[in-house]
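Heads up, the thing below is written out as C-alpha cells.
Every number in this text was worked out from the coordinates using simple rules, so none of it is lab data. The structure displayed is predicted, hence computed values, not measured ones. Note: ideal-geometry Cβ built from the backbone for every residue, glycine included; neighbour counts use all protein chains shown.
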Amino acid sequence: MLKKTSLFEIHKRLGAKIIEFGPWLMPLYYTSIIDEHNTVRNKVGLFDVSHMGEFSIRGKNALAFIQRLITNDTSHLSNNQALYTPMCNNKGTIIDDLLIYKFSDQHFMLIVNASNIEKDYRWIEEVARKFNKDIILRNISDETSLLALQGPKAEGILQKITDLDLSQIKYYWFKEEKVTGVQAIVSRTGYTGEDGFEIYIKPEYASRVWSRLLEIGKEEGIRPVGLGARDTLRLECALLLYGNDMDETKTPLETNIARTVKFDKEDFIGKEALLKQKEEGIKQRLVGFELLERGVPRHNYPILKDKERIGMVTSGSFSPTLRKGIGLGYVKTDQAKEGTEIQIQIREKSTKARIVKIPFYKRRH
C-alpha cells in the first residue's frame, strides 16, 4: 500500500498532479514546475514534505552517541541549533544525509530522507545496541507532519500567525512555539536555497496550518508547490539528492559536502576508511556543469571528454532561473577542473557542456 500524508485529499482538491515517490503518493505540481519554481524564487511557496522521516534520540549519553553516528561535529552546537551531516557506514560510504536538531545534550531529533526511513532506523538501532549505553530511540515519523514555507516573503507571512520573533531565528536555528494556536517546531531551514522555514506539527493539525498559510499569504502571491519544483530549486543550489547524487557507493569526500567530515573528532563510524581514502587520493569528484547548447541533461546520461566516457550525470534539469540546462555528476578527478569542456550524451547527440563552479545559483541577501 502506498502511503499518503495527512494533506493528500487537500492536494487532490487543489488539482495536484499526484505521482508515486518511493512508497509515497505526493504532489508533483499544481500548475507547472516552472511556475512554482519562479514563485519560490520571487515570492513564496508552501510545500508538504510530511513524507520525510523523524527520529527522536534521548538519553544521558545521547550527545556521545550522535557524535559516533555522524561525520559532522555536534559538540559545538547550542540548544535549539540544527546541523546538516552525512551518516556513513564502516566503509565510509553514505547511508543517508540528514539534519540533526539539538534540544539538549540528552535530546536530539534526526530528519532523514523519506525513502530511507526503515533502513536508517535499523542502522541506528544496531549502532545503539553496540554503543552499550542507555539510548532511547523512537521513530516519530507517523506522528509528525512537516510543512516548508520557502521564498523571500516567507518570514512576513509566517510572522502573522505566530508570537515568535522570526527575525531573531538565525539560519539553522529553531524554536518551539505555537503557529495558529498549534504547538510547533519552527526552524529556519529548507531545501530551496531561499530564505524560509520548516514547521513540524502533529498530523491532525497539518490541514489547519496549511490552509491558514495559503489564506494569509494570498496577497503576497503564495502558492502550493510540488516535488517537481523542489527538485529544480535544490539543483540550482547544488543541494544533493540521496539516491541520485550520493548513496552507499559514494563517500562524502567525493561530493561537495566534504566539509561535513570532521577528522579532528575523536571517533565516528567510517573515520578510518575516510582517512585512508584521503591519504590515497580521491579518484572521482562531484562537479557541476552547464550546457553550452540546447538540451536537458538527465540522471544517468554519460559524461564524455573527447568521446571517452569520464563519468555519469547524477542530477540534471532545465534551470528556470538560469534558462539553460544544468547538472551534477561524478567525473575522474583529473577531469574535474572548472572550465573543462565536456559533452553530455543526450540520447544520440553529444551536447557541449562546461564544468562550472557550484552552486549555480545563490540568493541575494
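Overview of values
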| item | result |
| --- | --- |
| Unit charges at the beta carbon, dipole of segment 206-270: most positive-side option, L253, V209, L235 | V209 |
| Within segment 277-365, GluC sites (Glu not before Pro) in DSSP loop having at most 13 other beta-carbon neighbours inside 10 Å | E338, E348 |
| Set of lysines near K250 by C-alpha distance (under 23 Å), chain-local residues within fewer than 8 positions excluded | K91, K119, K262, K265, K271, K276, K278, K283, K305, K332, K337, K357 |
| Ellipticity estimate at 222 nm from DSSP helix runs (n ≥ 4, -39,500 (n - 2.57)) divided over the chain, nearest 500 | -6000 deg cm²/dmol |
| Electrostatic dipole magnitude of the chain [Cβ: Lys, Arg +1; Asp, Glu -1; Cα centre; debye, to 20] | 680 debye |
| Inter-label distance, nm, simple model (7 Å from Cα along the C-beta direction), R298/K265 | 3.8 nm |
| Positive-end residue of L274, P23, V225, charge dipole of the chain with Cβ unit charges | V225 |
| Segment 1-82: trypsin sites (Lys or Arg not before Pro) in DSSP coil with no more than 13 other Cβ atoms inside 10 Å | K60 |
| Chymotrypsin sites (Phe, Trp or Tyr not before Pro), loop per DSSP, at most 15 other Cβ atoms within 10 Å - longest free stretch of the chain | 1-170 |
| Charge dipole (debye, nearest 20) of segment 1-141; +1 at Cβ of Lys and Arg, -1 at Cβ of Asp and Glu | 200 debye |
| Computed magnitude of the charge dipole of segment 6-61 (debye, nearest 20; Cβ of K, R +1, Cβ of D, E -1) | 220 debye |
| Charge dipole of the chain about the Cα centre (unit charges at C-beta), most positive-ward option of F131, A154, T351 | T351 |
| Selection of trypsin sites (Lys or Arg not before Pro), segment 309-349, meeting DSSP coil and at most 16 other Cβ within 10 Å | R323, K337, R347 |
